[in-house]
Amino acid sequence: MATRRASNDMRQWLETMVAIESPSGDAEGIGQVMDVVAEVLGDKGAVSRTPTSAGPMLEVSRGQGGALILAHADTVWSRGTLAEMPWREQGDWVYGPGCLDMKGGIAIAMAAIRNLPDNVPYTLLITPDEEVGSDASREAIEEAARRSRLVLVLESGMPGGAVKVGRAGVGDYTLHIRGVESHAGLEPEKGASAIKELAHHIQWIEGLENKVLGTTLNMGVVQGGTRSNVVAGKAWAHIDIRVTTRSEMERIEAILSAPPRFDARCEVVYEGGFNRPPMEPNAQSQTWFREASDIWRQVTGEDLAGVRVGGASDGNFTAPLAPTLDGLGPVGQGAHARNEGVDWRYMEPRRQLVQELLVRAGRS
C-alpha cells in the first residue's frame, strides 16, 4: 500500500511540476516549482528560501549532518514549449518538458523524504541555475556539501538504472587572435592573417587531446575577418574542453595560459577556464557506491552499474568536498530533446534506493 501510494504521489507531483514552465532565468516559474516542494515537505523539516540573481533557492532540512540531496528546478525548455510538447502518459512511460531533467528527480526526493523516519537528518537543496552553470548557487552547494556525510545528486540515471560515479570537468574557452590588416591584392606581405593563425591553432589544439585519459577539445565555433580582399585582422573561436582528472585539467590550464604564436606578428589569447572540475571517484565514494549496490540488489534483484560520463552536474562541485553519488534520479530518454520521457518502472525502486541511502547516511 505504501509503495503504491508513493508511486501515485510521485506521478501527481511530477505532472504538477511539468505543467509549470521553469526555464533558466525565469524566477517566477522556478519559484512556483519550489512552492510545490515546500507545500509537500513543509511538515518534514525547516523550509527556507534564498534569493539569488538566477531566481530563488530552496532548502528543506532536518537535524545536523546526514546526506545532502541536490536537485535543480530550472529546465532548458522555454515558455510555450508545453503547447507543443504537453504532459502525456503512454504505457510505462510519461513524457513532458523537464520530466527527466530533472523534475522527476525532485519527485523522487519528495517521496523519499515523506517516507523517511522522523529521526533521520537530511538536507534537500533545490537550485535555480544548474542548466546554465550554477554561478549563482555554487557557493551554497559547496557549503552544504561540507556539512554533509554524503551527497546524492538526483540527475537522471543511465540505462538499466546505472548511476554516475564519475563526470568530466568542463572548460569553456574563447580564443582571441589579433593580426595585422592589409590589402590582400596590393600589399599582402604587410599583413598577418588572424584567420591563418586560427587555422594553425585548430590543428595545434587537437594535439592536446588525450583520449586514453578522456581529455577532448572541440573548437566548435569560429569567426574572423571582415572582407575577402582584406588580410584578416581578427579572428576568434569558442572551445569546449572535457577532462576526467584534475591533473589533466591543470595540464590544459597551464598550456593555454602560454599558447604558441605561429606568426610572431599575431597576438594570441585563450580566455576563460574550467567552470566545473572533474568528478573523480575516490575511496569514500566507492564505499557509498557499494552501499547503493547492496540496496539496489535488495530492491530489484539486479546489480547496479556505476559509469563515468562526459556531461557535468553540480556533483562536480561536491565531489572534492564529500562522497558523491550522481544519476540517482529517474531513468528514461531524451534529456534536452523533444522525446524527453521517464520510464515509470524505475521510479519506485529509485525512491527506495534514495530513501535507504538517506537512512544509512543519517546513522551516527
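Data for the structure
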| quantity | calculated |
| --- | --- |
| Pairs with Cβ under 7 Å, 6+ apart, first in region 244-263 and on the phi < 0 side of the Ramachandran plot, second aromatic (Phe, Trp, Tyr) and surrounded by fewer than 16 Cβ atoms within 10 Å (Cβ to Cβ) | 260/204 |
| Of all residues making up region 1-49, the number that are charged (D, E, K, R) and either in contact with a strand residue (DSSP E or B) (Cβ under 6 Å, 6 or more places away or on another chain) or without any contact (Cβ under 8 Å) to a residue 60 or more places away in the chain (or both) | 8 |
| Those residues of region 222-249 which are of a type outside the set (S, T, N, Q), surrounded by fewer than 19 Cβ atoms within 10 Å (Cβ to Cβ) and within 21 Å of the chain's Cα centre (by Cα), in sequence order | 238, 240, 246 |
| Candidates 27, 19, 6, filtered to the one that is hydrophobic (A, V, I, L, M, F, W, C), farther than 13 Å from residue 75 by Cβ and surrounded by fewer than 18 Cβ atoms within 10 Å (Cβ to Cβ) | 27 |
| Some residue of region 287-300 being within 30 Å of residue 175 (Cα to Cα) and in the same structural domain as residue 114 (by TED's automatic domain parsing) | no |
| Residue check for residue 142: under 11 Å from residue 317 (Cα atoms) and touching a residue at least 24 places away in the same chain (Cβ under 8 Å) | yes |
| Of all residues making up region 253-269, the number that are among the aliphatic types (A, V, I, L, M) and surrounded by 13 or more Cβ atoms within 10 Å (Cβ to Cβ) | 4 |
| Matching residues, region 208-220, being part of a loop (DSSP other than H, G, I, E, B) and at pLDDT below 95 | 211, 212, 213, 214 |
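Yes or no, residue by residue, for (1) out of contact with any Leu (no Cβ under 9 Å at 6 or more places or on another chain); (2) surrounded by 18 or more Cβ atoms within 10 Å (Cβ to Cβ); (3) not hydrophobic (A, V, I, L, M, F, W, C):
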{"site": "42", "(1), (2), (3)": "yes, no, yes"}
{"site": "49", "(1), (2), (3)": "no, no, yes"}
{"site": "58", "(1), (2), (3)": "no, yes, no"}
{"site": "63", "(1), (2), (3)": "yes, no, yes"}
{"site": "66", "(1), (2), (3)": "no, yes, yes"}
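Every residue, every condition in (1) buried (at least 24 other Cβ atoms within 10 Å of the Cβ); (2) among the charged types (D, E, K, R); (3) outside any strand (DSSP E or B), yes or no:
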| position | (1), (2), (3) |
| --- | --- |
| 134 | yes, no, yes |
| 148 | yes, no, yes |
| 151 | yes, no, no |
| 157 | yes, no, yes |
| 173 | no, no, no |
| 176 | no, no, no |
| 186 | no, no, yes |
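The values are calculated or read from the model by the stated rules, or taken from the named source; none is laboratory data. Note that the coordinates shown come from a computational prediction; the quantities given were computed from them, not determined experimentally. No Cβ is skipped: glycine too gets one built from the backbone with ideal geometry, and neighbour counts run over all protein chains shown.
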